[in-house]
Amino acid sequence: MENISTDLAGDLGISTFHTRMDNGELRYRLVAKDGSSYVRTEASAESGWQNSHYHKSVLETYIVQDRWLAFAELDGDGIRLWIMRQGDVYTTRPGVSHNVYLPAYAVTHVVKHGGDGRGDDWFGDPFLDSKTKDLSEEQILANC
């Protein structure tokens with residue numbers, strides 16, 4: 001077995017990209033040149049909603065590592081909201097807007113796959129944000 005350096009991985013089309021989001025979430029990304037990626041998210045003490053969005057062709061497979069998450073998606077004229085617990089897995093559908101709420105210190109994995117590999121396939125959804133961002137953790141837990 002041979003270790004591959006970050007530089008060689010980059011030459012082979014794989015890069016890393018890590019960020020601390022405005023709400024304190026840590027996101028560790030492994031990204032391939034075809035647009036597929038892996039993201040480990042570690043929520044901070046400041047729990048909250050992420051940003052509503054959809055993809056035209058990319059699928060996102062969410063895996064809950066620790067704690068739980070609330071998943072919201074548009075379903076016809078309404079919103080489907082449910083809790084995913086440790087070990088649960090869910091894959092989004094193209095064209096369906098969704099949003100995720102992470103409680104404090106939750107850890108999730110997201111695998112982005114499929115798509116056409118031609119670049120950004122993330123489209124914000126202000127309507128779903130308007131329906132989810134004001135839902136508190138207490139309201140989520142009471143309704144799921």
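Values as computed for the structure displayed
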| quantity | calculated |
| --- | --- |
| In region 100-126, residue farthest from residue 40 (Cα to Cα) [restricted to those that are modelled with pLDDT of 95 or more and aromatic (Phe, Trp, Tyr)] | 123 |
| Scan of region 85-131 for residues that are of a type in the set (Ser, Thr, Tyr), out of contact with any helix residue (DSSP H, G or I) (no Cβ under 9 Å at 6 or more places or on another chain) and farther than 17 Å from residue 63 by Cα, ordered by number | 130 |
| In region 27-56, the residues that are more than 12 Å from the chain's Cα centre (by Cα) and of a type in the set (A, V, I, L, M) | 30, 31, 32, 45 |
| Single unsatisfied condition, residue 141 versus (1) closer than 13 Å to residue 49 by Cα; (2) exposed (fewer than 15 other Cβ atoms within 10 Å of the Cβ) | (1) |
| From 63, 83, 79, residue being surrounded by 15 or more Cβ atoms within 10 Å (Cβ to Cβ) and over 24 Å from residue 127 (Cα atoms) | 63 |
| Only one of 64, 111, 89, 100 that is aliphatic (A, V, I, L, M), in contact (Cβ under 8 Å) with a residue 60 or more places away in the chain and under 28 Å from residue 34 (Cα atoms) | 111 |
| Qualifying residue in region 14-35 (condition: out of contact with any Gly (no Cβ under 9 Å at 6 or more places or on another chain), buried (at least 17 other Cβ atoms within 10 Å of the Cβ) and hydroxyl-bearing (Ser, Thr, Tyr)) | no |
| Residue list for region 1-26, filter: of a type in the set (S, T, N, Q) and either within 17 Å of the chain's Cα centre (by Cα) or closer than 25 Å to residue 58 by Cα (or both) | 15, 16, 19, 23 |
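The values are calculated or read from the model by the stated rules, or taken from the named source; none is laboratory data. All of these numbers come straight from a predicted model, not from anything done at the bench. Cβ: placed from backbone, ideal geometry, glycine included. Neighbour counts: every protein chain shown.
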